[in-house]
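To start, the structure under review is shown below, and the notes come after it.
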There are 2 protein chains.
Amino acid sequence: MGAREVGLPERAPAPGGTLPERVTIWEVGPRDGLQNESEIVPVEVKLEFLDRLARVGLPVLEATSFVHPKWVPQLADAEELLAGLHRRDGVRYPVLVPNERGLDRALAAGVAEIAVFASATETFAERNLNSGLDSQFAMFEPVVSRARAEGIAVRGYLSMCFGDPWEGAVPADQVARVGRRLLDLGCAQLSLGDTIGVATPGQVTAVLAALDAAGVGVEALAVHFHDTYGQALANTYAALRHGVSTVDSSAGGLGGCPYAESATGNLATEDLVWMLDGLGIEHGADLDALVATSTWMAERLGRPSPSRVVRALGG
Amino acid sequence: MGAREVGLPERAPAPGGTLPERVTIWEVGPRDGLQNESEIVPVEVKLEFLDRLARVGLPVLEATSFVHPKWVPQLADAEELLAGLHRRDGVRYPVLVPNERGLDRALAAGVAEIAVFASATETFAERNLNSGLDSQFAMFEPVVSRARAEGIAVRGYLSMCFGDPWEGAVPADQVARVGRRLLDLGCAQLSLGDTIGVATPGQVTAVLAALDAAGVGVEALAVHFHDTYGQALANTYAALRHGVSTVDSSAGGLGGCPYAESATGNLATEDLVWMLDGLGIEHGADLDALVATSTWMAERLGRPSPSRVVRALGG
């Protein structure tokens with residue numbers, strides 16, 4: 001019984017009327033996805049992946065990262081990739097920049113948009129950034145101010161917004177305080193990350209409410225969920241109901257731990273698109289072309305996509 | 001980075017305050033799960049599975065089916081299973097009964113609770129039940145009335161409530177009309193099935209609203225989602241927000257197509273429990289014991305569980 005035969009699900013009216021009419025999908029597969037692959041993907045494959053994703057109709061493709069190659073050898077080809085990138089009209093290609101050295105490289109490569117990566121918790125700031133929860137801002141301040149002086153928009157990622165492997169549950173007001181500070185520094189958007197995938201919808205609502213109370217408007221927010229415990233799409237639905245209209249996802253669900261069979265990492269863009277279509281929320285992506293792209297990429301990587309939609313419709 | 005170290009997610013306050021305080025998990029793994037396995041599981045393994053699930057703290061275990069063995073050879077051992085069942089106090093063991101012949105067998109086996117299986121669409125009623133949308137009721141009427149005369153509670157499953165492989169999207173008022181009729185026939189509960197997994201949260205809300213309008217109280221409803229397109233938990237969250245307090249799920253996500261690697265079938269009980277814990281909703285099940293049971297069952301079946309939580313915590 002071919003489920004595809006039902007076509008796209010019925011476009012039902014928005015329950016409660018609070019859902020956004022349009023969502024911007026922030027595609028992180030080429031960066032957050034491929035940086036977690038054990039094998040280094042050839043730059044030609046990355047370029048074809050990006051071009052296919054652009055043709056799918058996705059408006060934002062996070063292309064690569066200028067983290068030091070010693071830490072992320074998978075993306076050591078950032079300069080070569082950007083030099084070879086076929087930039088399509090209407091598509092944005094932000095890159096991740098960890099520090100001033102990374103910004104120098106990004107500027108030299110002619111990027112128009114960057115993202116910085118902060119922690120909502122003390123321990124993760126110390127372990128991942130060799131910094132503290134407060135002192136991380138000293139590292140970002142010159143990056144953000146120099147970028148803005150160059151006319152470059154900056155997104156702020158905030159990781160460990162819901163749970164932290166060392167500290168456990170993260171208080172919502174702590175997330176709101178650190179997130180607010182990242183926006184005050186000059187970031188145009190704040191992406192709330194559930195880095196270890198433990199969040200549930202009530203926590204999502206609580207963090208969004210705390211940000212409201214801290215004076216952060218929902219239009220400045222994005223959500224970034226991982227599907228480690230299967231919660232990513234339910235959490236996304238809770239965020240949409242709160243009015244969030246930018247959602248991070250990864251084509252084919254790329255970005256899990258490469259050591260686990262059928263790794264569960266980022267929310268799969270296909271699963272998100274299926275839900276947005278069903279909710280009647282515009283996004284601009286073509287689901288069939290997206291599934292074909294993720295199927296193609298899964299063949300390049302030699303393992304099946306963890307996306308439910310790709311498994312159901314692909315191949 | 002061991003995600004388990006964060007423990008259970010923070011018990012956040014219910015957003016909107018409309019969530020139920022307690023959910024009854026209706027565990028369908030032993031029936032809906034195992035009936036879809038290509039290999040026939042030995043009755044001793046089924047009995048141990050049921051006993052482990054009872055010890056997990058699950059209150060309802062759908063034990064088996066009295067469908068003709070020609071159609072479901074996997075459950076041909078229904079009599080033997082019920083004879084060997086170690087019934088634990090406080091646990092209900094309903095069985096599926098398709099027709100009067102099945103009811104005779106169920107009565108002879110001493111069951112206290114049954115479920116019948118209807119279709120919300122014309123085509124599925126014709127194909128699966130050799131009946132029509134209306135005429136299926138003629139088949140169920142004597143089953144329900146005889147069962148009730150024996151003091152046996154009857155649940156009504158309604159399949160294809162959101163999409164049908166032949167008819168496409170199913171109108172919400174049609175689901176409400178057919179569902180209402182099943183309750184009027186004498187069923188104590190109506191379980192709304194997304195048999196092919198295509199539903200999205202707005203459709204769930206629309207169907208529940210149509211049932212409201214048809215005079216069906218939410219306390220008579222259960223939801224039964226499949227995760228084919230990754231939507232099951234988001235749909236469950238939408239149903240919980242509507243006040244539904246009985247949710248069907250399958251331990252370890254058993255019940256997908258056995259021919260696909262890592263099949264995606266029923267909503268995994270573990271993924272549901274993770275969300276309920278995070279939402280602070282009581283359910284009575286012990287997550288660690290549940291994951292251990294599904295890991296054990298996956299070893300018996302020789303393939304990994306498709307549940308994200310089992311993959312993250314198991315083994």
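Under a 5 Å amide H cut-off, with hydrogens placed 1.01 Å from N, B:Arg92 pairs with B:Val60, B:Leu61 among residues at least 5 apart or on other chains. Around the Cα centre of region A:183-315, unit charges on the Cβ atoms of Lys, Arg, Asp and Glu (plus for the first two, minus for the last two) sum to a dipole of about 300 debye. Backbone geometry of region A:86-94 corresponds, through the Karplus equation with coefficients 6.51, -1.76 and 1.60 at θ = phi - 60°, to 3J(HN,Hα) couplings of 8, 6, 9, 4, x, 10, 9, 10, x Hz, x marking Gly and Pro.
Charging the Cβ of each Asp and Glu at -1 and of each Lys and Arg at +1, and nothing else, the dipole of region B:8-125 about its Cα centre rounds to 240 debye.
Here the 3J(HN,Hα) profile of region A:289-297, calculated from phi with Karplus coefficients 6.51, -1.76 and 1.60 at θ = phi - 60°, is 5, 5, 4, 4, 5, 5, 5, 4, 5 Hz, Gly and Pro shown as x.
Compute the Cα gyration tensor for region A:174-315, then decide on rounded, prolate or oblate, letting a ≥ b ≥ c be the square roots of its eigenvalues: rounded whenever a/c is under 1.5, prolate when a/b is larger than b/c in the other cases, and oblate in all that remain. Intermediate values should be presented prior to the final figure.
Working: a/c = 2.21, a/b = 1.78, b/c = 1.24.
Prolate.
Using only Cα atoms, locate the centre of region B:148-168 and the centre of region A:62-135, then give the distance between them in Å, rounded to an integer. The two parts, judged by their Cα centres, are 53 Å apart. Distance from the Cα centroid of region A:210-244 to that of region A:295-315 is 27 Å (rounded to whole angstrom).
Here the Karplus curve 6.51 cos²θ - 1.76 cosθ + 1.60, taken at θ = phi - 60°, turns the phi angles of region B:145-156 into couplings of 5, 5, 4, 5, 4, 8, x, 9, 6, 10, 9, x Hz, with x standing for Gly and Pro. Under 5 Å between amide hydrogens, built in the peptide plane, is the criterion, and for B:Thr246 it picks out B:Thr24, B:Val223 among residues at least 5 positions away or on other chains. Rounded to the nearest 500, the 222 nm mean residue ellipticity of the protein assembly as shown from helices alone is -11500 deg cm²/dmol, with -39,500 (n - 2.57) taken per DSSP H run of at least 4 residues.
Taking amide H atoms as placed 1.01 Å from N in the peptide plane, the amide H of A:Asp164 lies under 5 Å from those of A:Ala169, A:Val170, each 5 or more residues away in sequence or on another chain. Quick one: accessible surface of A:Arg127, probe radius 1.4 Å, all protein chains present, in square angstrom to the nearest 10. Probe radius 1.4 Å; accessible area of A:Arg127 about 150 Å². Working value for region B:110-190: equivalent-ellipsoid semi-axes of 23, 12, 10 Å, each the square root of 5 times a Cα gyration tensor eigenvalue, largest first. Residues of region B:197-213 whose accessible area, computed with a 1.4 Å probe over protein heavy atoms, drops by at least 10 Å² once all protein chains are present relative to their chain alone are B:Val198, B:Thr200, B:Pro201, B:Gly202, B:Gln203, B:Thr205, B:Ala206. Rounded to the nearest 20 debye, the dipole magnitude of region A:18-313 is 160 debye, with +1 charges on Lys and Arg beta carbons, -1 on Asp and Glu beta carbons, and the Cα centre as origin.
Going from the chain on its own to the full set of protein chains, region B:264-310 has these residues losing 50 Å² or more of accessible surface (heavy atoms, 1.4 Å probe, no ligands, DNA or RNA): B:Trp274, B:Arg308.
The residues of the protein assembly as shown expose on average 35 square angstrom of accessible surface per residue, using a 1.4 Å probe on protein heavy atoms.
The value given for chain B is a Kirkwood hydrodynamic radius of 19.5 Å, derived from the mean inverse Cα-Cα separation.
Excluding ligands, DNA and RNA, what is the accessible area buried between chains B and A, summed over both sides, using a 1.4 Å probe, to the nearest 100 Å²?
Buried area (both sides, nearest 100 Å²): 4300 Å².
Once C-alpha pairs closer than 8 Å and six or more residues apart are averaged by separation and normalised to the residue number of region A:18-313, the relative contact order reads 20 percent. Taking a ≥ b ≥ c as the square roots of the eigenvalues of the Cα gyration tensor, an a/c ratio of 1.5 or more together with a/b no larger than b/c marks region A:89-133 as oblate.
For the protein assembly as shown, what does the alpha-carbon gyration tensor say about shape, rounded, prolate or oblate, given a ≥ b ≥ c as the root eigenvalues, a/c under 1.5 as rounded, and a/b over b/c as prolate?
Numbers: a/c = 1.99, a/b = 1.96, b/c = 1.02.
Since a/c reaches 1.5 and a/b is larger than b/c, the shape of the protein assembly as shown is classed as prolate.
In region B:18-313, a dipole from Cβ-located charges (positive for Lys and Arg, negative for Asp and Glu) runs towards its positive end, and of B:Ala285, B:Ala214, B:Ala108 it is B:Ala108 whose Cα lies farthest in that direction. Roughly how many percent of the accessible protein surface of the protein assembly as shown is carbon and sulfur, given a 1.4 Å probe and a whole-percent answer? That fraction is 49 percent.
The values are calculated or read from the model by the stated rules, or taken from the named source; none is laboratory data. From a predicted model like this one, the values you see are computed outputs, not experimental measurements. Neighbour counts run over all protein chains shown; Cβ positions are idealised from the backbone, glycine included. For accessibility, only protein heavy atoms count, side chains too; no ligands or nucleic acids. Shrake-Rupley method; radii C 1.70, N 1.55, O 1.52, S 1.80 Å.
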